[in-house]
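Some notes on the structure that comes next.
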Amino acid sequence: MSWPSSSIRTLREIPPRGAGGSPRRAAGATIATRIPILKERRPCLPPGRPARYTGTALRSGGIMPAFSSRLQWRFSAAMILPVAVLLLAAGLTGFFLLRDQLLAQWRESAVLKLARAAHVADMHLARIKAAIRVFEEAPADLPGEAFRRWALDRLIRQEGVVEVRLDGEKAAPSAPGPHAGMRGGPGHGRMMGRYAGTRIRGVTPPRFDPRDEHGTFEVVAELLDDEGAAVGRLEAVVDFDFIFRHVIDSAWWQTLKAFLVDETGRILIGRTPYSAGVLGASGDPLEQATLRAMAGSPSGTLLGAGVPPREVSGFHRLSEAPWFLVLIAPGREVLAPLLAFRDVYVLFSLGLMVLIGGTIAWAMGRLAGEIRQVAREAIRLSHGEFGDPLPVRRRDEIGEMILSFNRMTRQLRERLALKEALKLAEEVQRNLLPSQPPEVPGLDIAARSLYCQETGGDYFDFIARGEGTDRPSWCFAVGDVVGHGISAALLMTTVRAFLRAELRRPIGLAAAVAETNRLLCRDTARSGSFVTLVAVEMAPSPLRGEWVAAGHDPPFFFDAASGRVSRLRKPPGVALGVAEEAAYRASPLSGLRAGDVLLIGTDGIWESRNPGAGRYGKRRLAAVLERHAHLPAAGILEAVLADLDRFRGVSPMEDDVTLAVVKVTADPQGGSAAGAAGNGRG
């Protein structure tokens, strides 16, 4: 029956099937191989190794010494490795933190040097640009031409300005006279007049002219009229050495690798004045990385390859020109304190690891000794040798392990005893079920029980009645006890004994079932257990019978004349063990003919589930019976069980399965098929 059961799922069947049957259902074969399992289990041993180890062999040879030494070294390595990783991590963390601090200090120093040098150059350029901007800022109370002549003269006299060109013509300082201020005489005065009311659109960034031998560059401005159209061009030629002399004379420029480059990386000046080339053109990765960084940031520092880096670089952009000051220094000079710390830390870490490793190896040696003791006892235990409990000398995890081992040993001994009891119960139950069906004239009989645990609650029996009389008969009983396992098996044994005893008495089938129920109710009053039962009694000459149901599903009946499967009409009757005064009524079986089949099963058949949680169902069982009714009783039974296996697939059995098949093989004397419809079939 489908009642709660444990998670154990082993199959049992009685009696054994033939040679062609599934070995999973062969109860005799299954039980015979399971009973000696605990005695036949052996560890996997190399050729020639004895199957059992004595205590002396375990201590002096065998597998334990090599295993224990490996365990000790593994424990030691497992303890030393984290310490080594921790020291390495601490060293690396300290190294990188100190490196970052030193690099931050160098970055501040380098960027400060570059920024200070760039600031001086920016101040020179800013004065020149300011003089150019004055050119367009004529006061309203002054004539525009006179003011611009004055502004031009002021630009020419700026420190560092070598030459000023207006529309490509060189401008000279102003001289007294109405037409002074431009070379070429009075015509230049008229050119100055062209710019009346003009303004400067903006000042273009300084551009380096590599063709100039004197190291000059130009600051260029476009002059616009009131409508915004370009009407002139103003160029101030500046002395390059004057702007950057303070950079070239600085100590860091003289001792380190330094450059002034434009946005494209072209070197304007280097340690050798006016040196030519492109930053990174030599393939230096740091120079190339610095050039890429200049495209996204006005200043910064970078590390070269290596730990510590072979070189570090810094750069800073001028505010008044699209040029960068670049400084590259050797990494060892920058990180010299860090390298000294690294060497000291490595020596200290090695010494500390040796000290810690020795301490751990000593402690692990003691620990491994106690683990070896547990391992020896575990090997003895695996071979069925139960010794005295191990002494517990520690109050730590090892002590807990030894306590757990002692507890496990005690519980294992109890479980082995329980296992032996279960095997005995299994053997007893197997012997209680019929080993083979009886030979009844005119009938072909087959039955099988499959248990989902070692023992089960399903039950079938063949009981002879009236032996030695002129009216012998046979009773076929199929029962289903609530639940599974030992309790169900014990209750099944009780029902079997009660029913067999009552059927030995000269009483009717219904009376025997009622008396069995009365006796069972006295045993199950407090437990609430119950049993469903179908009992069929058939007499061979002439073939006749009756049946009683006690809370059980009625049998399936195949009518050979119509080729249809139906269910016998269920007579009233509650399950055994529910109500002590319950009454039962027998229903007759008549009109049987050759080919008719009676199939009695338990709900473990039609309530079986497949992986999709679908149920097997009674309709499918009836269809299988209809398709295979032409087979012998054993063939019908095999067909039903095979179809049930295919349906269930990989799903485990959830309930015991019992099936009994009775097939009429010869036409009985008297009666007709038509008369059966009114005598228990529907």
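The values are calculated or read from the model by the stated rules, or taken from the named source; none is laboratory data. Bear in mind the structure is a predicted one, so any value in this text is a computation, not a measurement. When we count neighbours, we look across all protein chains shown, and the Cβ atoms used for this are built from the backbone with ideal geometry, even at glycine.
Table for the structure above
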{"item": "Val534 vs. criteria within 20 Å of Asp461 (Cβ to Cβ), of a type in the set (Val, Ile, Thr) and part of a strand (DSSP E or B)", "result": "yes"}
{"item": "Segment 474-501 - residue that is in contact with a helix residue (DSSP H, G or I) (Cβ under 9 Å, 6 or more places away or on another chain) and farther than 17 Å from Leu432 by Cα and, of those, surrounded by the most Cβ atoms within 10 Å (Cβ to Cβ)", "result": "Val482"}
{"item": "Sole exception among (1) assigned by TED's automatic domain parsing to the domain that holds Ala586; (2) surrounded by fewer than 12 Cβ atoms within 10 Å (Cβ to Cβ); (3) touching a residue at least 24 places away in the same chain (Cβ under 8 Å); (4) more than 15 Å from Met538 (Cα to Cα) for Phe460, by number", "result": "(2)"}
{"item": "Filter result for the condition that a residue is charged (D, E, K, R) and under 21 Å from Arg116 (Cα atoms), over Arg292, Arg310, Arg317", "result": "Arg317"}
{"item": "Among the candidates Val307, Val247, Val344, Val278, residue that is closer than 17 Å to Gly215 by Cβ and surrounded by fewer than 21 Cβ atoms within 10 Å (Cβ to Cβ)", "result": "Val247"}
{"item": "Residue check, Gly300 part of a loop (DSSP other than H, G, I, E, B) and either assigned by TED's automatic domain parsing to the domain that holds Arg127 or loosely packed, with under 14 Cβ neighbours inside 10 Å (or both)", "result": "no"}
{"item": "Residue match in segment 473-485 (condition: in the same structural domain as Ser529 (by TED's automatic domain parsing), among the small types (Gly, Ala, Ser) and farther than 30 Å from Pro506 by Cβ)", "result": "yes"}
{"item": "Of all residues making up segment 594-625, the number that are more than 19 Å from Phe460 (Cβ to Cβ), crowded, with 17+ Cβ neighbours inside 10 Å and in contact with a Ser or Thr (Cβ under 8 Å, 6 or more places away or on another chain)", "result": "2"}
{"item": "Hits in segment 502-517 - residues which are of a type outside the set (A, V, I, L, M, F, W, C) and crowded, with 24+ Cβ neighbours inside 10 Å", "result": "Thr516, Asn517"}
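Conditions (1) closer than 30 Å to Arg245 by Cβ; (2) at pLDDT below 85; (3) surrounded by 13 or more Cβ atoms within 10 Å (Cβ to Cβ); (4) among the aromatic types (Phe, Trp, Tyr), marked per residue:
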| position | (1), (2), (3), (4) |
| --- | --- |
| Ile80 | no, yes, yes, no |
| Leu114 | yes, no, yes, no |
| Ala118 | yes, no, yes, no |
| Ile132 | yes, yes, yes, no |
| Pro139 | no, yes, no, no |
| Arg148 | no, yes, yes, no |
| Lys170 | yes, yes, yes, no |
| Met191 | no, yes, yes, no |
| Arg194 | no, yes, yes, no |
